[in-house]
Amino acid sequence: MVTNSQDVALQVIQQAIAALAKWADFDHPQLNNEYPQVTRAKEILGWRQDTEVGILRLLFDSVKLPDGKGQDREKRHYHPLEAIKNENREYPKIPYPLADEPSNQQIKSFKNQIQDEISKDIQNNWNSLSYLLALLEKFGSCLSLSEADVSLVDMARSTAAVAAALIGQSHGENISLIAGDISGIQKFIYTISSDGALKSLRARSFYLELVIQEVVQQLLEEIKLPITNIIYAGGGNFYLISSGNLELVKDCIVRVSHKFNKWLLNNFQGKLFLAIDCISIPTKDLENKKIADYWTKLTKNLANQKARKFSKNINLFIKESSSHEPCRVCHRDDLSSLKPLSRLNLDSSPACWVCRTMFELGDNLFDVNVVLRSKRPNIKHHVGRVYIPGYYYYFFTDWQLAIKSSKPNEAIFLVNDWELSHYQSEQTLLLLLGNYGKESDVEPGRFIRAEEMAQAAKKLGAIPRVGYLRMDVDRLGRIFAEGLDKNNRTLPRIAGLSRQMSYFFKVYLNTLAAQRESNIPDNIKQLKPKDRRLNLLFIYAGGDDLFISGAWNEIVELSFDIYQSFRAYTGYNRDITLSGGISIEDIKFPLYQAADSSGEAEDAAKGNGRDSLGLFSQVFKWNEWLGHPDNTKFDEINERYKYQEVKPNLLGIFPFVKRLEQQNIGSDYAHSFVQNLLITAQIQEEALKKFKDNQKEKEVVDTRYYLHLPKIAYTLARLPKNVLDDVDFRTSLKSPYNAPYFRAIATWIELLTRE
């Protein structure tokens, strides 16, 4: 009898569920005899017969780059014992790590939750891989197996993936790692300008998410692999564990990449290109924990492919085309059939079919909870659809309606859904998606518009502008390749890092936007703690980066929320940081230019040694913005002086803005204060330029930090009495430590008070 990869994967997941049930003191189901591939996969990954489920330590604590600082050894965190769930349609609670091991009472309570869930439908779904994976994901993400920092779900999925890859090998000597990456995402998403550009951008990013999912599904079907073999899929790239038969895998890759690249070239003018490659990994190197080396090599192979995209069989792809009137949205000129962008507004901009499709998709994405993948061209009751080579993707807001509309063997993607009763179909998959977006007050059932975002800022007395935020994880590639110690570079740990990063950006960012009051760390710095900050639209939030629009003041404060939450989520590991950039624009400012501006601000932040934010045309470390820098540039200068300056109580940018907000000094006083602070900054900058041309660097530095004093004294004397009576504010503003921050402080205050 031929062993089926689905059966092999199912057995591993059943064993993981049995281990989970045993830990929860539940009478777990009896198990079948073990497949040899399962036995070998367990040997490779270290899942021993006597291995038991335990309390999970934070995996991020194990990350330390060779030239980095990593985590203090005395600081070790535990994952909280919390099931991933979305009750009452709320997003899951953010699981910030704990300094202490969960108490016996917490452990008992969690065991009771597991018992209740397993007792419901486990017998009816014991042979359903989709259901068992959903159960394991929900409860096994916060428990360990084999090693203290390896989660049960990551060990189980990795073991199932390796076992499925070993089918057909008598000695189990090799597996393959497949990686794919879509290049040109920036051009495809951001280079559009039109009415309704926000929703079109959101639709484009969601569309690319589905393209990646479809590529992965076709590879799984071609190579006959179960869904456990997906290590990561999203954000324009994916990783799969595959068969050790490298020749078979390469043939499948060629077919899939040829099909998709031909389609991408014909439909998107070559802006998008799918790079796919694979590499053979001896199982002995998996045992010797060398997978990171292969991961890095494969990533470099993809980069080489993207550098010469469409170079293979180019004659099959390229064809002559005539030039026509360019689309007013994406500016392509190879299509003649331009029609109004909106079917409801015949006076809207003439656009190509791609842009019309994306515009319509953007209208239909609000409250989409289920996506049905089908070959059928006509299905009823959906709220929208798109076509990707070979399949239609239908969108539903109601789960039951999607189930009724589906047929056997059609995949159903549930968006951020951990309700186990929804995983009754064998082809039901969890789709993580950063999808928060406020509903429009003007167009109910659709996403908030840029005009509404600007008005939300105006209602608070701030200037009516829209903010655009771009952020990503610093040195993520190195974290995966070098962040774990050589003895810890195992497949389950790398899969765990990928999963936990993806959860933050695709799941917990939604939580932070929608339910921030109950999901922010206790020690977070906030300007207005009780503000909900809901006037936001996630255009894209992927595996390690994001692009979000919203009322500008909310975007600024959201960026601080995200940074501080991410740092808490990763256990304040000094090698795991974020950099970001914010652009603040008028509502009529072209969106593609706003994306460029925020991208340039993010690049400037990266150029500032990372762990920084570019905002108001200024770049500082996050701790300088937030007001608790460990060290500043002035510290080095201060050491040269006999009588050294003392660090002020208010240090950095955020504390001054918050203090002035609390004092409510009024727009007239605020305007005067801002103007004088800007003049001071200008004097500093002009003097610096002069000295840089003529003097030594030491004099330049000294000038910057003390030149402000006369003007600051003048500025303070003209503020209202309640501000002058604030000793901390008065003395801190005079301190040379705060001299570099005047322009950023003034700009922020001006935008907050200039309606």
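The values are calculated or read from the model by the stated rules, or taken from the named source; none is laboratory data. Because the structure is predicted, anything quoted here is derived from the model rather than measured. Here Cβ is always computed from backbone atoms with ideal geometry, including for glycine, and neighbour counts include all displayed protein chains.
Computed quantities for the displayed model
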read-out	value
Residue within the range 107-127 that is modelled with pLDDT under 95 and of a type in the set (Lys, Arg) present	yes
Output for the range 245-262, where each listed residue is surrounded by fewer than 19 Cβ atoms within 10 Å (Cβ to Cβ) and either without any contact (Cβ under 8 Å) to a residue 60 or more places away in the chain or under 27 Å from the mean Cα position of the chain (by Cα) (or both)	Glu247, Leu248, Lys250, Asp251, Val254, Arg255, His258, Lys262
Asp347 being outside any loop (DSSP other than H, G, I, E, B) and either of a type outside the set (D, E, K, R) or not assigned by TED's automatic domain parsing to the domain that holds Ala541 (or both)	yes
Residues that are among the hydroxyl-bearing types (Ser, Thr, Tyr) and in contact with a Ser or Thr (Cβ under 7 Å, 6 or more places away or on another chain), drawn from the range 205-239	Tyr232
Strands (runs of 3 or more DSSP E) wholly inside the range 531-627 containing at least 2 residues that are buried (at least 21 other Cβ atoms within 10 Å of the Cβ) and aromatic (Phe, Trp, Tyr)	536-541
Restricting the range 390-434 to residues that are aliphatic (A, V, I, L, M) and part of a strand (DSSP E or B), the residue that is farthest from Gln113 (Cα to Cα)	Ile412
Some residue of the range 628-649 being under 29 Å from Leu719 (Cα atoms), among the basic types (Lys, Arg) and in a loop (DSSP other than H, G, I, E, B)	yes
Residue match in the range 435-446 (condition: more than 29 Å from Arg567 (Cβ to Cβ), part of a helix (DSSP H, G or I) and outside the structural domain of Lys506 (by TED's automatic domain parsing))	no
Ser128, sole failed condition from (1) within 28 Å of the chain's Cα centre (by Cα); (2) surrounded by 14 or more Cβ atoms within 10 Å (Cβ to Cβ); (3) within 27 Å of Leu420 (Cα to Cα)	(1)
Residue under evaluation Asn738, criteria (1) surrounded by fewer than 20 Cβ atoms within 10 Å (Cβ to Cβ); (2) closer than 21 Å to Tyr641 by Cβ, criterion not met	(1)
Pair list, Cβ < 8 Å and 6+ apart or interchain, from the range 711-723 residues that are over 16 Å from Phe656 (Cβ atoms) to residues that are modelled with pLDDT of 75 or more and of a type in the set (Phe, Trp, Tyr)	Arg718/Phe673
Any pair with Cβ under 6 angstrom, 6 or more apart, that starts in the range 280-293 at a residue that is within 15 Å of Met155 (Cβ to Cβ) and ends at one that is crowded, with 20+ Cβ neighbours inside 10 Å and of a type in the set (Lys, Arg)	Lys289/Arg489
Qualifying residues in the range 398-418 (those that are over 22 Å from Ile212 (Cα atoms) and out of contact with any Lys or Arg (no Cβ under 8 Å at 6 or more places or on another chain)) - the one surrounded by the most Cβ atoms within 10 Å (Cβ to Cβ)	Trp399
Enumeration of residues in the range 322-356 that are touching a Phe, Trp or Tyr at 6+ places or on another chain (Cβ under 9 Å), in contact (Cβ under 8 Å) with a residue 60 or more places away in the chain and among the polar types (S, T, N, Q)	Ser342, Ser348
Number of positions in the range 263-299 that are crowded, with 17+ Cβ neighbours inside 10 Å and in a loop (DSSP other than H, G, I, E, B)	4
Checking Ala21 against (1) more than 18 Å from Ser109 (Cα to Cα); (2) part of a helix (DSSP H, G or I), the condition it does not meet	(1)
Tabulated pairs, the range 93-110, first within 11 Å of Ala568 (Cβ to Cβ) and touching a residue at least 40 places away in the same chain (Cβ under 8 Å), second of a type in the set (Asp, Glu) and assigned to a loop (DSSP other than H, G, I, E, B), C-beta under 6 angstrom, 6+ apart or interchain	Pro95/Glu82
Residue in the range 466-480 that is modelled with pLDDT of 95 or more, under 26 Å from Ile94 (Cβ atoms) and of a type in the set (Gly, Ala, Ser) present	yes
Among the residues listed as Asp728, Asp693, Asp668, the single one being exposed (fewer than 13 other Cβ atoms within 10 Å of the Cβ), outside the structural domain of Gly461 (by TED's automatic domain parsing) and modelled with pLDDT of 75 or more	Asp728
Residues being closer than 18 Å to Phe413 by Cα and in a loop (DSSP other than H, G, I, E, B) - total across the range 236-262	1
Those residues of the range 490-507 which are among the basic types (Lys, Arg) and within 19 Å of Asn229 (Cβ to Cβ), in sequence order	Arg493, Arg499
Any hit, the range 453-472, residues being among the polar types (S, T, N, Q) and closer than 21 Å to Asn369 by Cα	no
Single residue of the range 122-147 satisfying the filter (in a helix (DSSP H, G or I) and among the hydroxyl-bearing types (Ser, Thr, Tyr)) that is nearest to Gln427 (Cα to Cα)	Ser130
Meets criteria (in contact (Cβ under 8 Å) with a residue 12 or more places away in the chain, over 18 Å from Ile84 (Cβ atoms), in the same structural domain as Ala41 (by TED's automatic domain parsing) and in a helix (DSSP H, G or I)) for Ser119	yes
Of residues in the range 369-379 being out of contact with any Ser or Thr (no Cβ under 7 Å at 6 or more places or on another chain) and assigned to a loop (DSSP other than H, G, I, E, B), the one surrounded by the most Cβ atoms within 10 Å (Cβ to Cβ)	Arg376
Contacts under 7 angstrom Cβ, first residue in the range 603-618 being in the same structural domain as Ile582 (by TED's automatic domain parsing), partner buried (at least 16 other Cβ atoms within 10 Å of the Cβ) and of a type in the set (Phe, Trp, Tyr), 6 or more apart	Asp611/Trp622; Ser612/Phe620; Ser612/Trp622; Leu613/Phe620; Leu613/Trp622; Leu613/Trp625; Phe616/Trp748
Tally, over the range 302-326, of residues that are part of a helix (DSSP H, G or I), of a type in the set (A, V, I, L, M, F, W, C) and either at pLDDT 70 or above or in contact with a strand residue (DSSP E or B) (Cβ under 9 Å, 6 or more places away or on another chain) (or both)	3
